[in-house]
Amino acid sequence: MTGLLKRPRFVALDSSHLVNLARELRAPDAATRAAALSLMEALTTGNDILVLSFHHFQELLVYGDARVVAERVGVLEALPLVALVANRRGDGVAGSILELQMAEVLAAFPNPKATPRMVRDAVASGIFRLTSGTEAVRVFQRELPLLQPEFVRMAARSREIVAIAQSDFTGVGHRKISEFLNGKLRTPLDIQRHIARLGAALEAEILQHGDKNIPDKSAVSAAFMVDIAKRGRALEGSDNPGLQILAWCEVDRDEITPDTTIDEVSDWAAFRTKLRQMNGVLNLPWQELKRSVSERRIPSSIIDRALKRFRPRSAEWKGSDLIDTHLACLASYCDITFMDKRTHEGMQVARKKMKDLDSVLRRVEKAKNTRVLLERLALARS
């Protein structure tokens, strides 16, 4: 009997594909409508199950036209079965990238020898929760008046994060951190001048490349540099400013080798900041967790690192790149994941350069419209 049962195939679409689907279902062109209806039929009556995360809703529900939002929600409500990224709260809300990473951390922590693929396989069996499309959107519909302003705020914050993260305004990331560990602190006046130069460089890059929807690009760089200046003042009186900075980054001195670069320390600091945030929920012994769970053992962090390094840079640094990265992390757990063109291109390049990436990825595809998406799905079945 079991031989007659087919395992469902989990399919993740980019938010833009779902936006296009909602629009194409009402397109004036008959061929376009037919392709959209065929995809709905495949997701309704076939073996393919659509995977949804919190970030899908975050993008689908941020729109000024209530009619368009209703059309997008209607597409999801029409699906009898969808798979949600599970969350620890059990409240029915689709989980975010943070939920996914917490599951990976919990899988990696007890077994320091577990490879990224072993971590992925341990997480995969319980990362999705099946429910109806109606149930998936119910909580968002109920709280939509409160959620939409928060989604708008999150989108604005994503634009700021991407604008700062994409910039190389310091120009020292390639240098060895050991050069700075025994250095002396600059004089207060010299610090002030140096921060002013860095702030000008950051502002120039954000003005040129920052997301066009950032209302005040100069304010973004100014606020960031205020925080940098505050940290700089906190170093006054320190016997070893370099070691103090490492402590802020949650990096221990014995982790540093002669070849460790500033960029590497920055990457460790970013990951450990997220790890500290997750541990507020997980409550694991911090020092042991910090030492045993590195980003190189976490599938979603490997994908994040791959896209940071290899996704083609665009003239405009869009805030949506951050959510595209979050959605790309589903590629470790879905049978097939559709991405936007730039994300897919970066993933294909990274796959040739990073052995650990290929070990955690499943099938990834790109599709410019619903018709191509259908073709790729059919090809994957063959």
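The values are calculated or read from the model by the stated rules, or taken from the named source; none is laboratory data. Computed from a predicted model, the values in this text were never measured in an experiment. Here Cβ is always computed from backbone atoms with ideal geometry, including for glycine, and neighbour counts include all displayed protein chains.
Quick look at the numbers
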{"read-out": "Count - residues of region 341-361 that are within 20 Å of L50 (Cβ to Cβ) and in contact with a helix residue (DSSP H, G or I) (Cβ under 6 Å, 6 or more places away or on another chain)", "value": "2"}
{"read-out": "Residue list for region 249-295, restricted to those being touching a Phe, Trp or Tyr at 6+ places or on another chain (Cβ under 9 Å), in a helix (DSSP H, G or I) and of a type in the set (D, E)", "value": "E255, E288, E295"}
{"read-out": "Selection from region 28-53 of residues that are touching a residue at least 40 places away in the same chain (Cβ under 8 Å), in a loop (DSSP other than H, G, I, E, B) and farther than 30 Å from G319 by Cα", "value": "N47"}
{"read-out": "Residues that are touching an Asp or Glu at 6+ places or on another chain (Cβ under 9 Å) and of a type in the set (A, V, I, L, M), drawn from region 319-349", "value": "I323, L327, A328, I336, M339"}
{"read-out": "Within region 124-161, considering residues that are modelled with pLDDT under 95 and in contact with a Phe, Trp or Tyr (Cβ under 7 Å, 6 or more places away or on another chain), the one surrounded by the most Cβ atoms within 10 Å (Cβ to Cβ)", "value": "F140"}
{"read-out": "Only listed residue being modelled with pLDDT under 95 and not in a helix (DSSP H, G or I), chosen from R313, R376", "value": "R313"}
{"read-out": "Tabulated pairs, region 311-333, first assigned by TED's automatic domain parsing to the domain that holds V349, second outside any helix (DSSP H, G or I) and hydroxyl-bearing (S, T, Y), C-beta under 6 angstrom, 6+ apart or interchain", "value": "L330/T337; A331/T337"}
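Yes or no, residue by residue, for (1) part of a strand (DSSP E or B); (2) buried (at least 18 other Cβ atoms within 10 Å of the Cβ); (3) on the phi > 0 side of the Ramachandran plot; (4) free of Cβ contacts under 8 Å to residues at least 24 places away in the same chain:
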residue	(1), (2), (3), (4)
V19	no, yes, no, no
R23	no, no, no, no
H55	no, yes, no, no
V73	no, yes, no, no
G90	no, no, yes, yes
